[in-house]
Amino acid sequence: MNNIFKISYRNLLRNHRRTLLTASLITLGVVFVLVYTALAGSFKSYMIGQITDSSMGHIQIHKKGFVASIENMPLDKNLNAKSLEFIEEKLKNSKYIQSYSYRIKFGGMFSNFVSSTSMRLTAIDPNSEFETLPALKGRFQNFDALEKGKIVVPELMAKGMKVKKGDTVVLVANNKNGSVNGINLKVEGVSETMSGPGGRDGYIHIDDAKKVLRIKGVEVSEIVIRLKDASMLEKAMKELSPILDKKNKSGKSAFELHTWKKLSPFYTIVKMLDLMNIAIQIILISIVLISILNVMIMSVYERIREIGTISAMGTPPKTIVKLFLVEGFLLGVFGAIVGAIVSLLIVQGLDMMQITYSFGRNSDLILEPVLAIKDVLVVSVIVVFISLIASISPAIKASKLDPVEALRSN
Amino acid sequence: MIEAKNLKKVYRVGELDLTVIDNFSLEIDEGEFISLIGPSGSGKSTVLNMLGCLDTPTSGALDINGNNITSLNTTQLANFRGEHIGFIFQSFNLIPVLTVYENIEYPLIMIQNLDEDERKERIERLLKEVGMFEQKDKTPDKISGGQMQRVAIARALVTNPKIVFADEPTANLDSKTAHMIIELMKKIQKEHNTTFVFATHDEKIVANVDRLITLEDGKIVEDRKVA
């Protein structure tokens, strides 16, 4: 086999300009795919980071039926003290969980004494919430701390209602029995959603929620969980699955467990980025396929008499197939290796240049492209594999040449 | 050694069946130095290709060293050629990307799979025999036509074939070089008892052979021993 490699390698060098051109084309394709993957990966990891670190956490637990009616934020689908005791025991014993936080979600009317508007409220325990969602504070502006009696208002709503930090506002809400209650709160800051200053999501302290909703004891709408390692999502879900074993009166699971992927609409964007990646890989495959096929067909035509000679000497057809397959293989390997090296250099360069971009309200986000070894390997394997596939037909053609005919050609 | 009986070769050209060789029978003994002569189109190359197992006859029987050639498939034919037959071509047909040494080494690696020591011993002996030892690291484009044919002879002999077929081996050489090549082949034939079969027009070869077979329209018209 070594000798087949040696001869194939020399055959590639005999037309070094063409070999270089073909290999460069493959290299270019590989670079294109890998740099795109790294850039898309940077954007994707920023998006996922924003989703998990400032809004959803990695995993959420609710009472059965809460997610289905999440838009109306039902108060009758809250977790009670007994449920929490059961779940908490599982959470504390988990080896994947970094921290978790309790929230009460409800709808209310927000009033500045002149006009009022509806608001979706997330009531949090600031200590555990900021630990579980480390990027949440970054979405609050003019913000010091969310103490009791304070509210963080969505930015555009604050503008529209003309309220600013320190202003007193009223929050009115129905509790689960239908009775109305209201409390005075002081504006602590403004918030924005991931995609900008809009939205209707305000934040208050969990104790204020209990006060306005007249909740006695412990009651929670959702538990937000942060994992030590985001890549352990599936394992953590499996570990937490005994939570689902608890049945309610109708014999179904009493709780529901969701990953951020199930809950966030942004996951479809992530999937779209992955889909585009596949599309670009298909373009790469076409480039490799066509260029290798082209160069191999030319090689066979140029060397017909030589093939006749080695065939006359007694080279078995199988060996002739191998000679041409190895030629295509070497072209693919060369293109993949050089492509990977150039891509690593470009990605390193882009990383060092600290290019900034903006998304929603967040400007000066730094592009941090990272090339995962896995991506490099996948792309390289695809390129080499396709190079082999493209060489099959010319190689078989070469092996089937009639030696008499082949020796007669010029 | 070679026994051909009633060989027939028909080529299909468009709608027509063209019989190039018909009722061709021939016996060749070990160590003979034979020339096939005849005008263009007389079927010399076709006979050479069939006897050399490059082409299969349409009908008839061909036996070489006790092997029934007509029953072999493509791969078996290739293996048979690799084991028993050597070829020398008019245009030398060396592999341009390999050095002189590697060109001779090629059949030993790709076909006979010999170990390195044995290869080296055999190749160096042949290189000295054909007078190309000094040029062994040059590629074919760095040597003359006569030198290329010497290398081709060494390549044809390196597998220790019983028979060597040569199609116009001197046609691309000047007369002095052609003469040296013929002398070389004659010497090798004597030393190794290798059978040589030529298809040629070259008077110099004809003058040196043991047996002369004249072909016309695909038939043997004369088969005589030369003293």
Which residues, taken from the stretch A:322-352, are in contact (Cβ under 8 Å) with a residue 12 or more places away in the chain, more than 14 Å from chain B (Cβ to nearest Cβ) and over 15 Å from A:Ala390 (Cβ atoms)? A:Ile337, A:Val338, A:Gly339, A:Ala340, A:Val342, A:Ser343, A:Leu344, A:Ile346, A:Val347, A:Leu350, A:Asp351
Given the conditions (1) in a helix (DSSP H, G or I); (2) away from chain A (no Cβ under 14 Å); (3) in contact (Cβ under 8 Å) with a residue 24 or more places away in the chain; (4) not β-branched (Val, Ile, Thr), which single one is not true for B:Glu134? (3)
Could you list all residues from the stretch B:65-98 that are over 15 Å from the mean Cα position of the chain (by Cα), farther than 18 Å from A:Pro316 by Cα and either within 10 Å of chain A (Cβ to nearest Cβ) or small (Gly, Ala, Ser) (or both)? B:Gly66, B:Pro96, B:Val97, B:Leu98
Kindly evaluate A:Arg103 against the criterion of being out of contact with any helix residue (DSSP H, G or I) (no Cβ under 7 Å at 6 or more places or on another chain) and charged (D, E, K, R). yes
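Going by the structure shown, is A:Ser391 in contact with an Asp or Glu (Cβ under 8 Å, 6 or more places away or on another chain) and among the polar types (S, T, N, Q)?
yes
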So A:Ser128 ticks every box in (1) closer than 22 Å to A:Asn78 by Cβ; (2) surrounded by fewer than 21 Cβ atoms within 10 Å (Cβ to Cβ); (3) over 28 Å from the mean Cα position of the chain (by Cα) but one. Which box is left unticked? (3)
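The rows are residues; the columns are (1) over 22 Å from A:Asp53 (Cα atoms); (2) touching a residue at least 24 places away in the same chain (Cβ under 8 Å); (3) surrounded by 15 or more Cβ atoms within 10 Å (Cβ to Cβ).
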site	(1), (2), (3)
A:Phe106	no, yes, yes
A:Leu133	no, yes, yes
A:Leu136	no, yes, yes
A:Gln141	no, yes, yes
A:Ala145	no, yes, no
A:Lys150	yes, yes, yes
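Say whether the condition of being away from chain B (no Cβ under 14 Å) and either out of contact with any Phe, Trp or Tyr (no Cβ under 9 Å at 6 or more places or on another chain) or more than 14 Å from A:Ala395 (Cβ to Cβ) (or both) is met by at least one residue in the stretch A:298-307. Lay out the reasoning, then the answer.
Quick first cut of the stretch A:298-307, residues away from chain B (no Cβ under 14 Å) only: A:298, A:300-301.
Imposing the further condition that a residue be either out of contact with any Phe, Trp or Tyr (no Cβ under 9 Å at 6 or more places or on another chain) or more than 14 Å from A:Ala395 (Cβ to Cβ) (or both) reduces the set to A:298, A:301.
Looking for residues that are away from chain B (no Cβ under 14 Å) and either out of contact with any Phe, Trp or Tyr (no Cβ under 9 Å at 6 or more places or on another chain) or more than 14 Å from A:Ala395 (Cβ to Cβ) (or both), one finds at least one in the stretch A:298-307, hence yes.
Just one of A:Ser291, A:Ser231, A:Ser299, A:Ser286 is under 22 Å from A:Ser24 (Cβ atoms), free of Cβ contacts under 8 Å to residues at least 12 places away in the same chain and part of a helix (DSSP H, G or I); which is it?
Answer to the selection: A:Ser286.
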Of the numbered conditions (1) buried (at least 17 other Cβ atoms within 10 Å of the Cβ); (2) outside any loop (DSSP other than H, G, I, E, B); (3) in contact with a helix residue (DSSP H, G or I) (Cβ under 6 Å, 6 or more places away or on another chain), A:Glu306 satisfies every one except a single condition; which is it? (3)
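Table: residues versus (1) of a type in the set (Asp, Glu); (2) surrounded by 14 or more Cβ atoms within 10 Å (Cβ to Cβ); (3) under 13 Å from the mean Cα position of the chain (by Cα).
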residue	(1), (2), (3)
B:Asp141	yes, no, no
B:Val151	no, yes, no
B:Ile163	no, yes, yes
B:Ser175	no, no, no
B:Phe196	no, yes, yes
B:Ala199	no, yes, yes
B:Val209	no, yes, no
B:Ile220	no, yes, no
When you look at A:Thr268, is it at pLDDT below 90 and either hydroxyl-bearing (Ser, Thr, Tyr) or closer than 30 Å to B:Phe89 by Cα (or both), yes or no? yes
Need the failing condition index for B:Thr170 against (1) surrounded by 20 or more Cβ atoms within 10 Å (Cβ to Cβ); (2) among the hydroxyl-bearing types (Ser, Thr, Tyr); (3) within 12 Å of another protein chain (Cβ to nearest Cβ), just the number. (3)
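How many residues does the stretch A:19-51 hold that are farther than 30 Å from A:Pro265 by Cα and away from chain B (no Cβ under 14 Å)? If you could, list the steps in order and put the result at the bottom.
Our first condition is that a residue be farther than 30 Å from A:Pro265 by Cα; within the stretch A:19-51, this holds for A:19-31.
Within this subset, residues satisfying the condition of being away from chain B (no Cβ under 14 Å) are A:20-31.
So the answer is 12.
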Name the single residue that is nearest to B:His192 (Cα to Cα) among those in the stretch B:106-122 being free of Cβ contacts under 8 Å to residues at least 40 places away in the same chain and within 14 Å of chain A (Cβ to nearest Cβ). B:Arg119
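Filter the stretch A:179-208 down to the residues that are polar (S, T, N, Q) and in a strand (DSSP E or B), then identify the one that is surrounded by the fewest Cβ atoms within 10 Å (Cβ to Cβ).
We begin by selecting, within the stretch A:179-208, every residue polar (S, T, N, Q); these are A:179, A:181, A:184, A:191, A:193, A:195.
Cutting the leftovers down to in a strand (DSSP E or B) gives us A:181, A:184, A:191, A:193.
Working: A:Asn181: 14, A:Asn184: 11, A:Ser191: 24, A:Thr193: 19.
Of everything passing the filter in the stretch A:179-208, A:Asn184 is surrounded by the fewest Cβ atoms within 10 Å (Cβ to Cβ).
Residues are listed down the side, and each one gets a yes or a no for (1) of a type outside the set (S, T, N, Q); (2) surrounded by fewer than 17 Cβ atoms within 10 Å (Cβ to Cβ); (3) within 14 Å of chain B (Cβ to nearest Cβ):
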{"residue": "A:Lys247", "(1), (2), (3)": "yes, yes, no"}
{"residue": "A:Ile269", "(1), (2), (3)": "yes, yes, no"}
{"residue": "A:Ser286", "(1), (2), (3)": "no, yes, no"}
{"residue": "A:Asn294", "(1), (2), (3)": "no, yes, no"}
{"residue": "A:Ile310", "(1), (2), (3)": "yes, no, yes"}
{"residue": "A:Ile320", "(1), (2), (3)": "yes, no, yes"}
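With respect to A:Glu368, is the statement that it is among the acidic types (Asp, Glu) and farther than 24 Å from A:Gly138 by Cα true? Reasoning before the result, please.
On the way: among the acidic types (Asp, Glu): yes; farther than 24 Å from A:Gly138 by Cα: no.
In short, no.
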Among residues belonging to the stretch A:249-260 that are surrounded by fewer than 17 Cβ atoms within 10 Å (Cβ to Cβ) and modelled with pLDDT of 85 or more, point out the one that is farthest from A:Ser55 (Cα to Cα). A:Lys252
For the stretch B:177-187, indicate whether the set of residues that are at pLDDT below 90, buried (at least 16 other Cβ atoms within 10 Å of the Cβ), within 14 Å of chain A (Cβ to nearest Cβ) and more than 26 Å from B:Leu26 (Cβ to Cβ) is non-empty. no
Failed criterion for A:Met276 (all others in (1) outside any loop (DSSP other than H, G, I, E, B); (2) surrounded by 14 or more Cβ atoms within 10 Å (Cβ to Cβ) hold): (2)
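This table checks each residue for (1) of a type outside the set (S, T, N, Q); (2) surrounded by fewer than 17 Cβ atoms within 10 Å (Cβ to Cβ); (3) more than 15 Å from the chain's Cα centre (by Cα).
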residue: A:Asn2; (1), (2), (3): no, yes, yes
residue: A:Phe5; (1), (2), (3): yes, yes, yes
residue: A:Ser8; (1), (2), (3): no, no, yes
residue: A:Leu20; (1), (2), (3): yes, yes, yes
residue: A:Val35; (1), (2), (3): yes, no, yes
residue: A:Ser54; (1), (2), (3): no, no, yes
residue: A:Lys82; (1), (2), (3): yes, yes, yes
residue: A:Ile87; (1), (2), (3): yes, no, yes
Scanning the stretch B:42-55 for residues that are at the interface with another protein chain (Cβ under 10 Å from one of its Cβ atoms) and over 12 Å from the mean Cα position of the chain (by Cα), which turns out nearest to B:Gly218 (Cα to Cα)? B:Thr46
Here are the criteria: (1) touching a residue at least 40 places away in the same chain (Cβ under 8 Å); (2) surrounded by fewer than 16 Cβ atoms within 10 Å (Cβ to Cβ); (3) of a type outside the set (Gly, Ala, Ser). Tell me which single one B:Thr214 does not satisfy. (2)
Kindly evaluate A:Gly339 against the criterion of being under 24 Å from B:Thr75 (Cα atoms) and not hydrophobic (A, V, I, L, M, F, W, C). no
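The values are calculated or read from the model by the stated rules, or taken from the named source; none is laboratory data. Keep in mind that this is a model prediction, so the values were computed, not measured. Here the Cβ is made from the backbone with ideal geometry for all residues, glycine too, and neighbour counts use every protein chain on show.
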